[in-house]
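Q: Below are the structure tokens for one structure; questions will follow.
The values are calculated or read from the model by the stated rules, or taken from the named source; none is laboratory data. Nothing here was measured: the structure is a model prediction, and the numbers come from that model. Here the Cβ positions follow ideal geometry from the backbone for every residue, glycine too, while neighbour counts run over all protein chains shown.
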């Protein structure tokens, strides 16, 4: 790699001098200006050699610039989506395919993802529950609901849902009884484990909902 003071690789008559400039790049009618772009210029012939660090930094900027112009997710977008799913790079690579290094290159800006991969990432971002139908990694389930909501199939109470406890309680009974599945999972934690206890809790909850 060339450095300041080296002979010009083109003409050999001058010595390279470092300059800091603003370099403008164009793509599909759009422009991007990269500041602090360091070059080594020959005063004799005008030939310029790009500084290695500047070239590496500009390369990542230009890939994200191209992504934005083409309507693709940027490297920062992809990292945000992965983190919102609470997955490591290795887990994300297992789910999406392509290997760990391949996905890591999407995030660090070394490789631009395909349109198909971009669409899949957008689906996971908009509908994170769709991750459950993909082979690979099972995510920890969030079980909290901060607000009370009325749902046509039943009522959802404010508080923490204990799916595992209620599922075990339901399985302990020989029949599902007359309650809807939504009603089973709408109950807040109270330690109820038998059908009679759950029936009493459901009736109490219905009374409180009628008064609300």
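Q: From 105, 38, which residue is assigned by TED's automatic domain parsing to the domain that holds residue 128 and free of Cβ contacts under 8 Å to residues at least 40 places away in the same chain?
A: Being assigned by TED's automatic domain parsing to the domain that holds residue 128 and free of Cβ contacts under 8 Å to residues at least 40 places away in the same chain holds for just one of 105, 38, which is 105.
Q: Do you know which residues across region 4-34 are more than 15 Å from residue 52 (Cα to Cα), part of a strand (DSSP E or B) and under 42 Å from the mean Cα position of the chain (by Cα)?
A: 22, 24, 25, 26, 27, 30, 31, 32, 33
A quick yes/no check of all residues on (1) surrounded by 14 or more Cβ atoms within 10 Å (Cβ to Cβ); (2) in contact with a helix residue (DSSP H, G or I) (Cβ under 9 Å, 6 or more places away or on another chain); (3) at pLDDT below 90; (4) at positive phi:
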position	(1), (2), (3), (4)
9	no, no, yes, no
26	no, no, no, no
32	yes, yes, no, no
38	yes, yes, no, no
